[in-house]
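First up is the structure itself, then whatever we jot down about it.
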Amino acid sequence: MTIFPPLSYRIFPAAQNSPERSPIIFLHGFAATGEQLWVRTGWVKRFTAEGYPCIIVDLPYHRNEDLKNPDPSLTYTGDIPLPEEHGFFVSAAHAVAQFIEDLDSPAHLVGFSAGARIAWEASSYAGHNVLSTSIGGLPQHDHLPLIAQYLLGSLEQENINPTFPAVINHSLIRESSLKHFACLPLAFDFDPTLLHPLCPILLVRGSEDSVAGDYSWLTEALTEAHVPYEQLILDGRNHVNALTSGVFKKRVLALVQESEEAFII
């Protein structure tokens with residue numbers, strides 16, 4: 001068993017005088033931050049304007065203090081402690097599911113890449129406390145062991161998916177922090193036929209995303225389990241620029257609104 005550093009989160013309240021709606025929890029991926037992926041790209045602004053409180057979660061070693069240039073004005077609302085587990089992703093999923101259970105209302109989950117991996121499993125554990133789950137850029141295979149080797153200098157760049165060296169080179173996070181994260185016992189892989197959300201799901205990937213690849217392994221499991229889902233392929237988008245798609249944002253909002261209305265009824 002391993003004790004992992006906590007997740008950290010920030011709460012962005014809904015716009016004033018907006019209807020009371022369920023919160024949305026956003027989970028980012030490797031070598032990014034919640035501020036970078038969800039705030040600066042307009043996701044938080046769009047959803048809070050629609051009346052949804054937004055909870056932005058940062059992974060361990062992806063916090064503000066791990067940045068090359070930390071923002072002295074950025075403060076966290078709190079931490080989400082992780083239980084002892086054999087792997088980080090299982091521990092994080094359990095922690096997020098418990099966090100949702102402790103809220104005063106059900107929630108929606110939105111995750112991208114490694115964050116999508118957590119969102120999928122957390123939604124599975126949280127059951128009907130999650131109204132909708134949006135999954136973006138979820139890899140079928142665990143790339144992180146190769147990333148760890150690359151960061152440690154034991155793997156040449158040509159032996160790794162070219163997306164990752166580019167992501168690492170342009171990351172706002174210090175390389176030492178990325179090494180710490182990639183070298184954790186992560187236990188990324190999972191079987192969607194054994195573990196899947198119960199709520200409506202949106203599966204999103206770019207047509208040029210070589211990290212996420214094909215989603216048939218997910219859609220087949222969801223079809224077998226009779227879980228409602230929709231798949232959105234973003235034409236010309238890759239693993240890096242998928243989140244800047246207005247279509248992505250619009251479709252997640254539509255799913256959130258549809259699921260919210262069904263819950264109220």
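Values quoted throughout were computed directly from the atomic coordinates according to the rules given, and no laboratory measurement underlies them. From a predicted model like this one, the values you see are computed outputs, not experimental measurements. Neighbour counts are summed over all protein chains in view; Cβ atoms, including those assigned to glycine, are modelled from backbone coordinates with ideal geometry.
Couple of notes before you dig in:
- Based on Cα contacts under 8 Å between residues 6+ apart, the chain shows a relative contact order of 20 percent.
- Lysines whose Cα lies under 22 Å from that of LYS250, excluding same-chain neighbours fewer than 8 positions away: LYS45
- Of all lysines in the structure, the ones whose alpha carbon falls short of 24 Å from that of LYS179, not counting any fewer than 8 places away in one chain, are LYS68.
- Annotation: amide H of PHE30 within the under-5 Å range of ALA114, GLY115, sequence separation 5 or more or interchain, hydrogens built in the peptide plane.
- Segment 61-80 and segment 124-155 have Cα centres lying 21 Å from one another.
- Amide H contacts of LEU234 (H built 1.01 Å from N, under 5 Å, at least 5 apart or other chain): ARG205, GLY206, SER207
- 17 Å tail of the calculated P(r), segment 68-139, as % of Cα pairs: 49
- Working from label points 7 Å from Cα in the Cα-to-Cβ sense, the THR75 to GLU261 distance is 4.0 nm.
- Listed peptides 198-211, 75-88 appear in the order 198-211, 75-88 once ranked by packing, highest mean of other Cβ atoms within 10 Å at the front.
- Other residues with beta-carbon under 12 Å from the beta-carbon of ALA187 carry, at +1 per Lys or Arg and -1 per Asp or Glu, a net charge of -3.
- A compact globular protein would have a Cα radius of gyration near 2.2 N^0.38 Å; the ratio found for segment 23-125 is 1.04.
- Local electrostatic count at THR219 - Lys and Arg +1, Asp and Glu -1, tallied over other residues with Cβ under 12 Å: -3
- In sequence order, calculated HN-Hα J values of segment 61-68 (Karplus, 6.51, -1.76, 1.60; Hz; x Gly/Pro): 6, 10, 7, 4, 5, 8, 6, 5
- Rounded tilt (10° steps) of 88-101 against the dominant C-alpha axis of the chain: 20
- For the listed peptides 128-140, 106-118, a ranking on the average number of other beta carbons within 10 Å per residue, highest first, reads 106-118, 128-140.
- Taking 1.567 mPa s as the viscosity and 4 °C as the temperature, the Stokes-Einstein diffusion coefficient of segment 82-184 based on its alpha-carbon Kirkwood radius rounds to 86 µm²/s.
- Dividing the convex hull volume of the alpha-carbon atoms in the chain by its residue count gives 119 Å³ per residue.
- Here the Karplus relation 6.51 cos²θ - 1.76 cosθ + 1.60, evaluated at θ = phi - 60°, turns the backbone of segment 186-192 into coupling constants of 9, 6, 6, 5, 7, 10, x Hz, with x for every Gly and Pro.
- Pairwise label distance in nanometres, ARG40 with THR244, each label 7 Å out on the Cα-Cβ vector: 1.1
- Listed residues PRO83, VAL96, GLY136: farthest to the positive end of the dipole of segment 54-144 (Cβ charges): GLY136
- Listed residue (VAL256, GLY246, TRP217) projecting farthest to the positive dipole end of segment 211-265, Cβ model: GLY246
- Long-range amide H partners of ALA107 with built H, under 5 Å: VAL130, LEU131
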